[in-house]
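Note sheet for the following structure.
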Amino acid sequence: MNFFLYLILGLGAGAVYGLLAQGIIVIYRTSRVLNFAQGAIAMASAYTFVNLSITHGWPSWVALIVTTLLAAVLGVLVQLLVMGPMHQASPLARVSATLGLLITLESAISLHYGTEGTIVRSFLPNGAVHLWHDASVGADRLILVGIGAVVTAILWLVYHLTQLGRLTTGVSQNPVAVASLGHSPARLAMVNWAIGCGLAGFCGCLVVPLTGLQISTLTMLVVPALAAAIAGNFVSFPGTFAAGLAIGAAESIVQNYVHTPGWPEAVPFIAIVVLCVVRGGSLPTRDTMLERLPKVGSARFGRTGIVTVCVLAFVFVNVGPQSWIAPVETTALIALIGLSIVVVMGFAGQLNLAPYALAGISCLLAAHVAESWGWSLVPCLLVGAVAAVPVGLLVAMPALRTRGANLAAATLGLGVVVQDLIFSNSDYTGGFTGMTTGTPNLFGWSLDSDLHPARYASLVIVVLLVAGIAVVNIRRSSSGRRLLAVRGNERAAASLGISVWGAKLYAFSVSAFLAGAYGVLSQFQTGTVTFLTFSPLASLLLVGSVVLGAVGYASGAFVAGIIATGGILSNWLGFTQIDKYLPLISGLALMLTLVLNPSGLVPGTIDSVRMLLRKLIKTAPAEVGEAAHTPESVEVPEPTDATAPAVGADAVAGRRTSITRLRQTDRVEPLPLEVTGLSVSFGRVQAVRDVALTVQPGEVLGLIGPNGAGKTTAIDAITGFVNASGSIKLGGVELAGYSAYKRAARGLSRSFQAIELFDDLSLAENLSVGAEGAAGISYLRDILAPRGSKLSPTTEAAVEMFGLAPYLNQLPGDLPFAVRRLAGIARCVAKSPSVVLLDEPAAGLGQHELGELDDLIRRLAKDMGMGVVLVEHHLELVMSVCDRIQVLTLGSTLAVGTPAEVSANAEVRVAYMGEATEATDALDADLAEALSGTE
């Protein structure tokens, strides 16, 4: 019976989790922002409520209403001043803005009220309620459940039955359509931010008697709230509230049956991970919106800059004032762990909010080695950094099945669990006294910080130098291009044979190694190791600082080090008191910077310097912009007459030159594609039903049908992007069990309806990234000796064939639409696939470009020997270029034959246009005209 008693006791906290989560959902539905400051708003509201009701003696219900209204006003201000101006910024930038709000609130409350916790008496009736026998529970717990149920019902009614709810749902699906109806998405977002933050304030007042007035505890309430919101799929209010109740009950049960500290706090994290793994997918779905991301540096001058900075710092700590040694060392240490954020978030686009958890675990393992076996600093440094890698791989597990906000929630939860389960356990960490590691030395050379303070700082600078060069090398290498490809578009990366899982695991491994090195170096200096600094809030502050600098630039990590507490900035300002204000300043600066420049301070500074140079040297803007985008690591072939933009006979002559060159190098491996029994179902809807098709080398097969016939779904199934049944053989090898990237590596390539180029890579890098071979050892080699990517002979031939040479050094966003469309096809063939599947390549092209595309497809098949599957609505192109045509309708094959046979099929005409009408006659005319061009 005690089990049920503990379950009921946990329902009070669970009700608060559910309400707090519903505030997250309300905000997310209109702004698509996961508000990580929801717990911080509840925390600030709790302090406000206690101040009003206890310190100033206000009636509790008055203090509750005023506090809730103040939180709602804060939500309005956040939308008006921060989120509104950032509505076109990247999701990472907007999430980072909520981290800035969290940091600001946490710092402001710490400065005003201090950090000591206080027990608060419940303002709700808390008399005992008899349940059975001698079991009873406080009435306030049951009242909290009742309040939560009532609020949940109100929210459900409001968002299902009122115009506000309907418009909110509309904005979450299509804000442009809502705006076209005369409603303001910004105003709706403001209302929902007010409601969401008001709920947070309300929850802060309700929960403070249960948790006590403790900044970190109240702020981290966002973790169980996120778990409940994820369980409700960010949509269902009743489901979210029920999940909150379940989490609260589970925490109470675990707390009373498991006596090891930290396990109750692990419950939300476990829930988040399980939900992410079960609901997630290894690749995003086709309808996943591609997100605008922060800028990424080219690192062309990265090594020179890092060497210069580190050399100057090394000289300065050895010959400069001793008072500057500690600030420089602190800056170098924060820059070191900041580089781990640049790799995993800036290059790979994976939101990791637990860098200090990795650093702390590394430090703990190294400290045990030093204390037990007496190892010196360098071996411990290596052990700690290497030991962090498997932990980083463990952290990466959710990233293999989820992404974006869910991944951020999972890593934040990990940070909380590690702190409560490991760092707060004195059996592991030695408690307040810490662990003794002895005086650090380097092969017998004393690094005692009291006797030789410059020596230890010099070692840190050397490690930072090596780490900085390694990060720059990654950015300039094929490994960096793979990471940026995955960051930009996981589906497109997989279609080129890039292992998305492998890239993510690599990024987390490198990030963990760097964080591990920081963990050891930051604590071994004095000979005594403590773990108070490895907190989740410290991780959030670090991530915010790196984003403030520029998460896509190695120099962004150095900015984080400069502005860190105890770093160069605080020492230069000359205030001993400035350190305690730096987190507050950092939080405000982060929000302001993201509003003005969502990519951070570094790219904004670079752009300003570039504009200044333009004025000084009077250089044309186009020339400067083009130089800025030239990728130093990609060798671009010299332009020839065939590569210049050409039309008509000149274009055909140029392409024939490229084909002659191709024949002198290599043609694709001639492998037939055989598909039988292909079926795809989405729930009860069968999108593709028992489809069979074959494509021989050098053959063009047209796949046509009305909208919704299943053409793109069939391509997705053949190339491994959706689960399907049936047999898919390439050259007699069964591919049905292969993932998308393995199918691409075997010689099955595809294009997409949307032009899914990688925005952070130049056109040359886009073409080369998929043709650079398997990753393998290059992931390690690129850290030490990156190799510039030279376009392969096949890629160069494709560049000439498609007339892309004049555009190779430009970013995709700077290219004309037709060039981007052709570039998407060229990227498919750059890896020399045996079969290429083109999904509506003619979409958006003019009549002249269609003629060019016709010639290109013919040459892919006849001269390069590829099998081509062409999905296209442009009938003239299909009839002109295809050897055979297969017609799909309602997911099944309707007809297969030559263009003449298909055009004569009455069922095909009916499938396209319905019953025979004048429109059918028009279709006959179109088919006749298309066929006349093939004779």
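The values are calculated or read from the model by the stated rules, or taken from the named source; none is laboratory data. Quantities reported herein were computed from a predicted structural model and do not represent experimental measurements. Cβ placement follows ideal geometry from the backbone for every residue including glycine, while neighbour counts extend to all protein chains displayed. Side chains included, ligands, DNA and RNA excluded: accessible areas come from the protein's heavy atoms. Shrake-Rupley method; radii C 1.70, N 1.55, O 1.52, S 1.80 Å.
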Where labels lie 7 Å past Cα in the beta-carbon direction, separation of residue 112 and residue 580 in nm: 1.6 nm
The stretch 180-259 - Rg and Dmax from Cα coordinates, angstrom: 16.0, 58
Sulfur and carbon atoms: percent of accessible area, the stretch 301-606 [1.4 Å]: 69 percent
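Only bridges whose two residues both fall in the chain count here: according to DSSP, what percent of them are antiparallel, nearest 5? Let's see the in-between values first.
Values: 28 of 46 bridges.
Antiparallel: roughly 60 percent of the beta bridges in the chain.
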Which of 152, 55 is most accessible, then next, and so on - probe 1.4 Å: 55, 152
Fully extended contour minus Cα-Cα distance, from residue 3 to residue 134, at 0.36 nm per residue: 45.8 nm
Relative contact order of the chain, defined on C-alpha pairs under 8 angstrom at six or more residues apart (%): 13 percent
The chain, helix-only ellipticity at 222 nm - DSSP H runs n ≥ 4, -39,500 (n - 2.57), divided by all residues, nearest 500: -19000 deg cm²/dmol
Fully extended contour minus Cα-Cα distance, from residue 753 to residue 528, at 0.36 nm per residue: 75.1 nm
Table column - 3J(HN,Hα) (Hz), the stretch 894-900, Karplus curve with 6.51, -1.76, 1.60, x for Gly and Pro: 9, 7, 9, x, 6, x, 5
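Could you order 24, 253 so the one with the most accessible surface comes first? Probe is 1.4 Å. Write down the numbers at each step before the final one.
Values: 24 0, 253 30 Å².
My answer, sorted largest first, is 253, 24.
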Förster radius 25 Å - calculated FRET efficiency between residue 162 and residue 77 (Cβ-Cβ, nearest 0.05): 0.50
Additional length obtainable on full extension of the chain from residue 613 to residue 462, 0.36 nm per residue less Cα span: 51.1 nm
Set of lysines near residue 831 by C-alpha distance (under 28 Å), chain-local residues within fewer than 8 positions excluded: 295, 504, 711, 729, 742, 790, 862
Where chymotrypsin sites (Phe, Trp or Tyr not before Pro) in DSSP loops with at most 15 other Cβ within 10 Å are excluded, longest remaining stretch of the chain: 576-935
The stretch 1-257: Rg to Rh, with Rh as the Kirkwood radius over Cα pairs: 0.99
Accessible-area value, residue 876, 1.4 Å probe, nucleic acids and ligands omitted, Å²: 80 Å²
Computed Rg/Rh of the chain, alpha carbon atoms with Kirkwood Rh: 1.01
Ratio of the Cα radius of gyration of the stretch 307-400 to 2.2 N^0.38 Å, where N counts its residues: 1.30
Cut-off 12 Å (backbone N to label point 7 Å along Cα→Cβ of residue 669), residues of the stretch 714-732: 730-732
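Any chance you could list the semi-axes, whole Å, largest first, of the equivalent ellipsoid that the Cα gyration tensor gives for the stretch 301-606, using √(5λ)? All intermediate terms of the calculation are to be shown ahead of the outcome.
Numbers: eigenvalues 165, 108, 72 Å².
Ellipsoid half-lengths, sorted descending, are 29, 23, 19 Å.
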Whole-Hz ³J(HN,Hα) from phi, Karplus 6.51 cos²θ - 1.76 cosθ + 1.60, for the stretch 236-249, glycine and proline x: 8, 6, x, x, 5, 5, 4, 5, x, 4, 5, 5, x, 5
Acute angle (nearest 10 degrees) that the helix 918-932 long axis makes with the longest principal axis of the chain, alpha-carbon atoms: 70 degrees
Angle between the chain longest axis and helix 91-113 axis [Cα atoms, degrees, rounded to 10]: 10 degrees
With Cα atoms, 0 to 90° folded angle of helix 377-396 axis to the chain main axis: 60 degrees
Average accessible surface area per residue within the chain, 1.4 Å rolling probe, Å²: 40 Å²
Accessible surface of the stretch 1-257, 1.4 Å probe, proportion on carbon and sulfur as whole %: 65 percent
